[in-house]
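Just so it is clear, none of the values below were taken in a lab; they were calculated from the coordinates. Just so you know, these numbers come straight off a predicted model, no measurement behind them. Note that we place each Cβ from the backbone using ideal geometry, even for glycine, and neighbour counts take in every protein chain shown.
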């Protein structure tokens, strides 16, 4: 594919015109008409573009996604370090079409059990003391085991997680400015979009480290990530990270709004359900070499991947090159940041024989990432339970075949 | 705030031991009283940055349309499933199917809010107010917020009737709606979790 169409495709994918726009563009050029000027929104030099040789893009998961959802997954296998470029941040929207919010008109209202309700413009928020913090986001449905060809890709199985440097105002600063009344125990956050996406969060977490972010990786938060304002709740399932944030109501109980109950409630094998499972468990995955790739021959390879945990910092990552019989400690990229992706690296020499590569994360509280069998035993279920469960954080084994092909060896 | 308090009390100590203090005891008392007052004032949270605008109660009310589980915020109005069936045909059937069982484009409303593999039967929605709130604020998807309260009560009744939660003649209003017991309300653990940053995750929260 030529460089021109490549960069145009990238623009379509990141600008939200998406598949429909692509198909239309293709039809138009097939008919040989002069294409309408599809100039990217900014000049390619004014806003730099990747090399035409590079084809690092997000991908939609094939199956198992509601038709109304817009889902694109981060190409973990193609990325290095710990920061996900904003244009490659995963998205999983339950909205049809994203809101087109004018930052001049957008307002954040804080009210409810406070001494002084307050409404902020974006400019006012930017005058307040700011912080920049590197936090991962992860969808609660990430890492669900998949059957078929999709299951062979680290991007399609584990790509519902990304990590950015978020800049904004700590929610605690705004809440203190309003003066939280005693008796308040939860906040209810609302997004300015057609579904009026609403989430309840305990006041303790809201006051501890929750961020009202206006910037992502140094530039304004991308439209699909909540432009102009997003709530970032570190370490917690990303469904709490309300996009297009417009209102925070301080209350004394959770609201059980549509998107935080019902379809997003969890069902347990004993017939009980769970409303809330905020924190994500310790997880790690080898991103290179990973499913669908092929090793060109025996010899030296660096094994690399990402680890993260909803409980704070990753303490250690162990790598096994013999299917979990023995583990050795991997090197962690420094500094290791709390609630951020942690890059690990491990030197490996492949002798050309069949083997299985896998990684295991231990977090700052000593919680260890389980194998799928251990996770199933914990819950008293068979492993196929996890095809439908959320918050699955089992160890991901990749099988290396003698011909160098890498395959998902979870089942 | 703690830092501020420490600073105040340190100043108090210094003043007490200063030579002025020894010469003029009443003045010392005054200063000490002032210092205590200052630290009390620091406890009552006052705005630090004086930014943002205080909105009027009417402005807040216009935006505060979400409904909590007790339904305190519900507006006056009423409706039954029978009435709701008519509105449903006009405003909802195109997307959710003639019998609310889904269309080629959208999922149905039976079982309501239960896209999980049905390990727990019936709707997983905890409160009837949740249904009212979502229909009121988000539906129909093409014109959210356009329904009257009567229409929302009637449509909620219709959806709950189709899910075998109520009968087609039950009248829903601000009093009766919050009293409905959704089938799985008590099947959830815990209803309102305590969140404590230091706590170990209880069994069942893992994975």
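Its DSSP H runs of at least 4 residues, each contributing -39,500 (n - 2.57), put the calculated 222 nm mean residue ellipticity of chain A at -4000 deg cm²/dmol, to the nearest 500. Panel order for A:115, A:100, by other beta carbons found within 10 Å of each beta carbon, from fewest to most: A:100, A:115. Comparing Cα centroids, segment A:121-175 and segment A:241-261 end up 17 angstrom apart. Summarising the label geometry, the points placed 7 Å from Cα in the beta-carbon direction at residue B:142 and residue B:59 lie 3.4 nm from one another. Averaging 1/r across all pairs of distinct Cα atoms in chain A and inverting the result yields a Kirkwood radius of 22.6 Å.
Subtracting the Cα-Cα distance of residue A:252 and residue A:377 from 0.36 nm times their residue separation leaves 41.3 nm of extension gain.
The three principal axes of the C-alpha atoms in segment A:197-248 carry coordinate ranges of 29, 21, 18 Å, sorted with the longest axis first. Ranked by how many other Cβ atoms sit within 10 Å of their own Cβ, fewest first, the residues A:252, A:93, A:123 fall in the order A:123, A:252, A:93.
I need the calculated FRET efficiency for the pair residue A:345 and residue B:189, taking r as the beta carbon distance and R₀ as 45 Å, to the nearest 0.05.
Calculated transfer efficiency: 0.65.
Using every pair of distinct Cα positions in segment A:45-146, the Kirkwood expression returns a hydrodynamic radius of 17.8 angstrom. The Stokes-Einstein estimate for segment A:150-233, based on a Kirkwood radius over Cα pairs and taken at 25 °C with 0.890 mPa s viscosity, is a diffusion coefficient of 168 µm²/s.
Each listed q (0.09, 0.19, 0.20 Å⁻¹) maps to a log10 I(q)/I(0) for segment A:174-316, found by the Debye formula over equal Cα scatterers with no solvent: -0.39, -1.21, -1.28. The gain in end-to-end length when the residue B:86 to residue B:175 segment is fully stretched comes to 29.7 nm, 0.36 nm per residue minus the alpha carbon separation. Take the Cα of residue B:50, step 7 Å toward its Cβ, do the same at residue A:80, and the gap between the two points is 5.1 nm.
Taking other C-beta atoms within 10 angstrom as a stand-in for reagent exposure, A:405, A:107, A:343 fall in the order A:405, A:107, A:343, fewest first.
The reciprocal of the average 1/r between distinct C-alpha atoms defines the Kirkwood hydrodynamic radius, which for segment A:279-411 equals 15.1 Å.
A crude spin-label estimate for the pair residue A:353 and residue B:94, with each label 7 Å from Cα along the Cβ direction, gives 6.6 nm. Looking at segment A:252-316, the pairs of alpha carbons with a distance over 20 Å make up 58% of the total. Note on residue A:322 and residue A:55: the extension gain reaches 92.9 nm, defined as 0.36 nm multiplied by sequence separation minus the Cα-Cα distance.
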